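Step one of this worksheet: look at the structure below.
The values are calculated or read from the model by the stated rules, or taken from the named source; none is laboratory data. Everything quoted here is computed from the prediction, not taken from an experiment. Note that each Cβ is placed from the backbone with ideal geometry, even for glycine, and that neighbours are counted across all protein chains shown. Ligands, DNA and RNA are stripped out before the accessible areas are found, and what is left, the full protein with its side chains, is counted by its heavy atoms. Shrake-Rupley method; radii C 1.70, N 1.55, O 1.52, S 1.80 Å.
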Amino acid sequence: MKKLVILSGAGMSQESGIATFRDGNGLWENHDVNDVATPEAWERNKELVLKFYNARRKDVLNAKPNRGHLLIADLEKYFEVDVITQNVDDLHERAGSSKVLHLHGEIRKSRSTKNPNLIYDIKGADLNLSDKCELGSQLRPHIVWFGEAVPAMEKAVEIVDKADILLIIGTSLNVYPAAGLMNYAHRDCQKYLIDPGEVAGRYFSDVEVIREKASKGMEIFMQKVLEV
Ligand code: OAD
């Protein structure tokens, strides 16, 4: 089986009703990212950060995988599929994808502020100021904030390096190191990009671009890769 690697971003979940980061007014659900998605924001105002992510988590719990997610899961019949996602939602998993690597963390999980290896499932939508890990320290959202390292990068590079086909879907390729991942694909790897907008100049000249939303784009992509 050929190895198909999918790098997804916020546009993947747009049709599930989850807002993207850079298509709106420059704010993220009416917040400046510096106020809610940085280690400094956490130090300054934990309550605001927790409240912000509680609202985002509620959105995720109310959302359902869209046809794009479902088609990606379907591709496991034909390829060895690895999904590398910048999304913190669990819609790829709920659609049935079995190998999903989250570069920027997972919103339905919390993490100890004392030992980053202590990661827990959040029951329900809310993580609160009094919620502690087993060592007694405050739990934080299991999210990679701006200015923090991306621990999953090494694994992601290893995966992209082995790709026969690379599909980039629903990402503006603005945020590094994730945006640099495609540079690790082999020269003879077939590369595709699905996005209804312009993702100009940020990818190889040998990428085949499908200028559609995720669900329609995935239908077209499937026809292309399964037609042989
Ligand atoms: P962006 O919001 O930067 O980009 C979303 C991309 O999805 C754009 O290129 C849109 O044109 C495209 N898009 C919009 N609707 C779509 C649809 N229905 N189908 C397919 N594509 C669509 O989001 P990301 O590139 O994912 O990080 O952003 C990367 C990171 O920046 C995020 O993971 C997040 C953010 O700050 C953290 O929170 C750490």
key: Whole-angstrom gap from segment 132-202 to segment 15-61, using each part's C-alpha centre   = 19
request  = Collect residues whose amide H, placed 1.01 Å from N in the peptide plane, falls under 5 Å from the amide H of ILE84; neighbours closer than 5 in sequence don't count.
outcome  = ILE6, LEU7, SER8, LEU101
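Ordering LEU118, LEU4 from largest to smallest accessible area (1.4 angstrom probe), what's the sequence?
On the way: LEU118 30, LEU4 0 Å².
The ordering from most to least exposed comes out as LEU118, LEU4.
From the Cα gyration tensor of segment 152-228, with a ≥ b ≥ c the square roots of its eigenvalues, which class applies: rounded if a/c is under 1.5, or else prolate if a/b is larger than b/c, or else oblate? Don't jump to the answer; show the numbers that get you there.
Working: a/c = 1.82, a/b = 1.25, b/c = 1.46.
Oblate.
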ask   = Could you give the nm distance between label points at GLU154 and LEU135, where each point is 7 Å from its Cα heading toward the beta carbon?
value = 1.9
Most fluctuating residue given options ILE165, ILE122, ILE143, as computed from a GNM of the chain linking Cα atoms under 10 Å = ILE122
inquiry  = I'd like the antiparallel share, as a percent to the nearest 5, of DSSP beta bridges with both residues in the chain.
reply    = 30
key: Surface per residue (accessible, 1.4 Å probe) for the chain, Å²   = 50
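Could you calculate the FRET efficiency of HIS31 with GLU219 from 1/(1 + (r/R0)^6), where r is the beta carbon distance between them and R0 is 25 Å, rounded to 0.05? Show your work: numbers first, answer last.
Values: r = 35 Å, r/R0 = 1.39.
In this case the efficiency is close to 0.10.
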Within the accessible area of the chain (1.4 Å probe), percent carbon and sulfur = 47
message = From the phi angles alone, apply the Karplus equation (6.51, -1.76, 1.60; θ = phi - 60°) to segment 137-154 and give each ³J(HN,Hα) in whole Hz, x where the residue is Gly or Pro.
response = 9, 4, 7, 10, x, 7, 10, 8, 8, 4, x, 9, 5, 10, x, 7, 4, 4
request  = Have a look at TYR78, TYR192, TYR53 and tell me which one the Gaussian network model of the chain (Cα, springs below 10 Å) gives the largest fluctuation.
outcome  = TYR78
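Could you calculate the FRET efficiency of ASP188 with ASP126 from 1/(1 + (r/R0)^6), where r is the beta carbon distance between them and R0 is 41 Å, rounded to 0.05?
On the way: r = 48 Å, r/R0 = 1.18.
Efficiency, rounded to the nearest 0.05: 0.25.
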inquiry  = Check which residues have an amide H placed less than 5 Å from LYS109's amide H, if you skip close sequence neighbours.
reply    = ILE122, HIS142
key: Using alpha-carbon coordinates, inclination of helix 46-62 to the longest axis of the chain, degrees   = 40
query = Accessible area of ILE119, 1.4 Å probe, to the nearest 10 Å²?
reply = 80
query = In nm, what is the difference between 0.36 nm times the number of residues separating ASP206 and ASN62 and their Cα-Cα distance?
reply = 48.0 nm
ask   = Over the heavy atoms of ARG211, what accessible area does a 1.4 Å probe trace out, to the nearest 10 Å²?
value = 130
ask   = Convex hull volume of the Cα atoms in the chain, per residue, in Å³?
value = 120
note = The answer for TRP28, listing residues at least 5 apart or on another chain whose modeled amide H is closer than 5 Å to its amide H, is VAL33
task = Pick out which of LYS64, LYS46, LYS114 has the largest mean-square fluctuation in a Gaussian network model of the chain, springs linking Cα atoms closer than 10 Å.
result = LYS114
request  = Report ARG111's accessible area, 1.4 Å probe, all protein chains in place, as a number in Å² to the nearest 10.
outcome  = 40
